[in-house]
Amino acid sequence: MALRAAAAGARGAILLAEGDSAGALQAFHQSVQLWREAEAPYEAAMARAGLARAFHAMGDSDSSAMELRVARAALSQLGAALDLVTLI
C-alpha cells in the first residue's frame, strides 16, 4: 500500500509540473486515501499539500485553502515544524 501511495503522489507531482491539474488532483487524492489507509499521517498531510497545489492551479482557491489548513494542522500535531514552513 505504501508503494502505491508514494507512486500516486509522485504521479501527481509530475502531472502538476506538466500542467495537468485535473490529473494531478486525482493522483494526489488517491495518494491521500492510500496514506490514510496505511495510517501514515505525515505522508497523508504531505499528499494533502499536493492536493492544495493542484486545486490552486485549477483556480479553486477555497478548496486549496481547505486542504492546506488540514495539512498544516496535521503537520503541527506531528511536530513537523520545518515542513510547515515549506507549504504554500
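FYI, it's all coordinate maths here, none of it is from the lab. No experiment lies behind these values; they were computed from the predicted model shown. Every residue, glycine as well, gets a Cβ built from its backbone with ideal geometry; the counts of neighbours run over all protein chains shown.
Structural remarks
- For E37 and A7, the difference between the fully extended length at 0.36 nm per residue and the C-alpha to C-alpha distance is 9.3 nm.
- With a simple spin-label model that places each label point 7 Å from the Cα along the Cα-to-Cβ direction, the separation between E18 and T86 comes to 2.3 nm.
- Ordering of 55-65, 25-35 by packing [mean C-beta count within 10 Å, highest first]: 25-35, 55-65
- The phi torsions of the range 38-44, fed into the Karplus equation with coefficients 6.51, -1.76 and 1.60 and a -60° offset, translate into couplings of 7, 6, 10, x, 5, 5, 4 Hz, rounded to whole numbers, with Gly and Pro shown as x.
- Taking the square roots of five times each eigenvalue of the Cα gyration tensor of the chain, the equivalent ellipsoid has semi-axes of 18, 16, 10 Å, listed largest first.
- Under the Karplus curve 6.51 cos²θ - 1.76 cosθ + 1.60, θ = phi - 60°, whole-Hz ³J(HN,Hα) for the range 49-54, x wherever Gly or Pro sits: 5, x, 4, 4, 5, 5
- Charge context of A5, other residues only, Cβ under 14 angstrom, K/R +1, D/E -1: +1
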